[in-house]
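Below is one structure, written out as structure tokens; comments come after it.
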Amino acid sequence: MREELPEDPRRSALLVIDVQNDFCPGGALAVPEGNEVVEVINRLAGRFEHAVLTQDWHPPDHRSFASTHPGHSPYTSIAMPYGAQTLWPDHCVQHSVGADFHPSLEVRCAQLVIRKGFRRTIDSYSAFFENDRITPTGLAGYLRDRGLGQLVLAGLATDYCVAYSAIDARRLGFSVTVLLEACRAINLDGSLQHALDAMREAGVELI
Ligand code: VGL
Ligand code: ZN
């Protein structure tokens, strides 16, 4: 494991994944200790000139919600046209308090918010592609246009949106560091270990 963050502040960006009320204790899809990332990220942000936030942003009848599949429970899986999809409790509904960023999150260097998961029929864990792995969010073009080739990822959840984003970023040629101290996991059926292995395999630096 490497111990340092990327050196060049002009070429690096902090990518803060889904630090939203619904992913924190008391929220609809609470990640254990999810709120604890806020302080770490606030401190970390002082070392960056550039940051991008992602925001899970679903319509009320989103097809990743178990409630839209009668007879199916949250945290089970279903086949969707683009592959297996885990079903979740209703969360991060557009314009709801649950979809807001954690009130203490302070990333003054944030210059862009990428909303994802806004199409009813497809989920989007990654900040770069929807879950079909081909529909882009536009983030890669933004980062390339601005010359930001080195990414540091933090946020929620380690084993879903953080891991998918990190792996896609590597696939797109970015250098990627995930700061595990600034992330927390859902950990469904070993998903955390699987995600850590997959990130290492993809060439993501875990520190
Ligand atoms: C996430 C499940 C559903 C995440 C988002 O941010 O990791 N997980 N939607
Ligand atoms: Zn979601």
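What follows draws every value from the coordinates through simple rules; no lab data is involved. What you are looking at is a predicted structure, and each value in this text was computed from that prediction instead of being measured. With ideal geometry, Cβ positions are generated from the backbone for all residues, glycine too; neighbour counts draw on all protein chains shown.
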Point to revise | Per-residue Cβ neighbour rank within 10 angstrom, fewest leading, ASP61, ASP100 | key: ASP61, ASP100
Point to revise | Per principal axis, descending, Cα span of the chain in whole Å | key: 51, 32, 31
**Study point:** Relative packing of peptides 135-143, 14-22 - highest average C-beta neighbours within 10 Å first
**Key:** 14-22, 135-143
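Please pull out the direction-averaged projected area of region 119-207, using the convex hull of its alpha-carbon atoms, in nm² to one decimal place.
5.8
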**Study point:** Within a Gaussian network of the chain (alpha carbon springs, distance under 10 Å), most fluctuating of PRO81, PRO89, PRO25
**Key:** PRO81
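Ranked by Cβ crowding within 10 angstrom, fewest neighbours first, how are VAL162, VAL97, VAL31 ordered?
Values: VAL162 32, VAL97 11, VAL31 25.
Fewest-to-most ranking of VAL162, VAL97, VAL31: VAL97, VAL31, VAL162.
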Exercise for review: Quick one: angle between helix 191-201 and the longest Cα principal axis of the chain, in degrees between 0 and 90, rounded to 10, please.
Suggested key: 40
Point to revise | Ascending count of other beta-carbon atoms within 10 Å, so fewest first, for ASP90, ASP56 | key: ASP90, ASP56
Revision key, fill the gap. The rounded separation in angstrom of the Cα centers of region 1-58 and region 126-153 is 16
Check your understanding: In the Gaussian network model of the chain, springs joining C-alpha atoms below 10 Å, which of HIS50, HIS95, HIS58 carries the largest mean-square fluctuation?
Key -> HIS95
